[in-house]
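One structure is given here, and the rest of the page talks about it.
The values are calculated or read from the model by the stated rules, or taken from the named source; none is laboratory data. Predicted, not measured: the structure shown is a model, and the values here were computed from it. FYI the Cβ positions are ideal-geometry reconstructions off the backbone, even for glycines, and counts take in every protein chain you see. Areas reflect the complete protein model, heavy atoms only, side chains present, ligands, DNA and RNA absent. Shrake-Rupley method; radii C 1.70, N 1.55, O 1.52, S 1.80 Å.
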Amino acid sequence: MAISQTYEIAPAPFNSDEADFGGTFREDQFIFGSSRQKTSITYNEDSVNTFFTDLYQTHLNSQGQWVTPTPINGRVNSIMNEAQCTFGSNSKTMYFTGNLKNALSKKKEKSEKYELGIFHATLYNKEWIEDGSFPFNSQQSDYSCGHPCLGQGDSILYFSSNQPGGLGGSDLYYCNWREQQWSQPVNMGSVINTPGNEFFPFVNEYGVFFFSSDSREDSEGLDIYSTEMINGVFAEPKRLDEPINSTFDDFAYSEKKGTNKGCISSNRESAHDDLFLFVRYEDHYHHCLTNEQPIFCYSITDENYPSLDTLPYVYEWQFSDGSTRRGNKVKHCFAQYGLHHIALNILDTLTKNLITTASNYDIEIRRPNEPFIKVAKEWSTLTSFTASIEWPALHDIDTTKVIWMLNEEEIGRGPDFHHQITSPGTYTLTCRLQTQAQKNKSSKKICIEEQILVHPDTFAINDQNYQAIILSSPDQLKSSDGLHLLPRYYVSVMRTNQSATPSEEILEKVNRPILEMKNDESYIYVIEDHSELSAALAGLEKANQQGLNVELITCLTSESLYQPIREIIWNPNNGATITTSTPLAPTDHATYLASDSEYDRQVRYTAAVMNMEPSLKLKIVSYYTNLESKAQAKENALKIREHLTTLQVNPSLILIATEMQSNLGPHKRLKLILEYPHQTTSNE
């Protein structure tokens, strides 16, 4: 290969006491084969008891640690073997190695050899579903195909097979994807294949081809080799140096695309196969990495919320580390890696009470696996800046070989340093470092670059790197069923668990319409309803000035949230008027009462109020659209009066009226109006 490379390698922390091998990277997941479940099939005659492998998955958490592996999602794993897989470029297709389905019958015939095949699976709703097999699997289970690897944009499939006609035991083959199907397999020839065995092909994003072989001149058991195609043909494969290869079996090389990380499998440290993770480095400072410094400090605002300067309320940002900041725009620095929560609350500065939580936001600060330069990106010519090299993964750095450079000129050595720049401008800060060689770790050289902006001496500088977060609490959200939800802000004078009988004292104090609303858990009594938070807060302040004990309730309009029931209006001359939002009353009134519990509740509520307040009278208004329906409208009203009398309401307190409306909506057929005594006319 053109550029010499070194590797740092270590056992995967999630290895088990059984075989773990054949790792593959898929996005942020790592998939591998394992017999950790200790699944076996035993037959009484000539008892054959072998542990079978399944596919497992794991990933790094926010602390940079691998989570406990779990079986791969879906219905791919079976009672037989599944292992070594490859994924399509869209990450939603997978080819994997498994036992041929008719190989189970061989087991019953006391055979200990179960041929392998390649199978296809597709990701549906986060689960892998097997939906096909490789067309060149053995139909009679007399040879194996396995270890698939997709390359060149999914247009080629490499695999290993001991099918007849090869050069040795197991050879490497490839097929091309043409006209929606795989072409006939082609043997990769004697440059790759030997009289022995070749397994586990892998091609990286740069076209470098890796595989394992046990029969080349320099093989020490099963070893890993690499080659590249030059002028259309593969060059002579080269055995990778230690620590990738050892005197034990080493195989199944793979890399994570876009990184210098990868995995191999080996039995170098135990009697069974284990996974080993590696980081690959070039021997020279051939290319500098862009500094990936984790951000701990943030400048936070929510663009949907206005200034509260004219109101006695304040924005308070509450952080999961226990600290708070006040203001429409705040700055905050977290001290640790991990998931952090931010809540934007609105507080009453007079009562110190929480008005509402306006928005929520989560920030995940991931622990880097690579070294990084810790330094502020902007400085002034009047101050010196400090830079240090940090490696949270706790790798050992040879601090005597850390070199700092500014625009290609050396300015310091060691893990940290101080420096002052007297001329404004943009500078490139470079850190070159080298690690200490240890067991299974060769020394490697790393180069990292960061851009520094130096301002004139008049510029006020802050020594923290603040990343802006502009929250945008949505004006329109979507529910789980896809319906649009609009935020509403209710100024409420009362919240109860049961529908309350209106109190004359409360009504006189409020002296404005009250809308009773409910959801599955509670009732609220609303004096203002707004779609804009600023208008709701202004209404809240006005109610406070009137001496009302009010609260602000925020919700999204949805069938599962608050819905209007009735409106309560206080009139100094006429007393309380309660208008119910009664649904449509059909012709068959008896059937309607039996089938509509909400209508029945309204009638029972009206009866309860009248029985508690003997001075109240009830007007039942029944609407009709034409003269032909007038008689039916009156009959509906009379039946309601009859229903109320069964609930001990004095019929002499009930007036009947009918009114004509040409355009009648479904919720305007019937209205019940409770009134204190005053002059009332009837349109009977």
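Structural remarks
- Scanning the range 136-160 for residues that are touching a Cys at 6+ places or on another chain (Cβ under 9 Å) and over 18 Å from TYR225 (Cα atoms) gives PHE136, ASN137, SER138, ILE156, LEU157.
- Here TYR281 clears all of (1) under 24 Å from GLN467 (Cβ atoms); (2) of a type in the set (Ser, Thr, Tyr); (3) modelled with pLDDT under 85 except the condition numbered (1).
- Where strands (runs of 3 or more DSSP E) sit wholly within the range 431-527, those with at least 1 residues that are small (Gly, Ala, Ser) and at pLDDT 75 or above occupy 466-471, 487-496.
- Only strands (runs of 3 or more DSSP E) whose full extent lies in the range 124-185 are considered here, and the ones with at least 2 residues that are among the acidic types (Asp, Glu) and either surrounded by fewer than 17 Cβ atoms within 10 Å (Cβ to Cβ) or out of contact with any helix residue (DSSP H, G or I) (no Cβ under 8 Å at 6 or more places or on another chain) (or both) are 127-133.
- Of all residues making up the range 407-425, the number that are more than 18 Å from GLU292 (Cα to Cα) and open to solvent by less than 90 Å² (accessible area, probe 1.4 Å): 11
- ILE192 vs. criteria β-branched (Val, Ile, Thr) and within 41 Å of the chain's Cα centre (by Cα): no
- Subset of the range 337-387 (residues that are in a loop (DSSP other than H, G, I, E, B) and closer than 30 Å to GLU532 by Cα): THR349, LEU350, THR351, LYS352, ASN353
- Residues (polar (S, T, N, Q), surrounded by 13 or more Cβ atoms within 10 Å (Cβ to Cβ) and part of a loop (DSSP other than H, G, I, E, B)) located in the range 207-257: SER215, SER219, ASN245, SER246
- Looking across the range 527-537, just one residue is open to solvent by 50 Å² or more (accessible area, probe 1.4 Å) and more than 33 Å from the chain's Cα centre (by Cα), and that is ASP529.
- Here is the figure for the range 630-664: residues that are crowded, with 18+ Cβ neighbours inside 10 Å and assigned to a helix (DSSP H, G or I) total 7.
- Scan of the range 61-77 for residues that are hydroxyl-bearing (Ser, Thr, Tyr) and modelled with pLDDT under 90, ordered by number: SER62
- As a summary of the residue check, VAL191 satisfies the conditions (1) part of a loop (DSSP other than H, G, I, E, B); (2) within 23 Å of THR86 (Cα to Cα); (3) modelled with pLDDT of 90 or more except for the one numbered (2).
- Leading residue by the ranking (most open to solvent (accessible area, probe 1.4 Å)) among those in the range 290-328 that are assigned to a strand (DSSP E or B) and either modelled with pLDDT under 85 or among the β-branched types (Val, Ile, Thr) (or both): THR290
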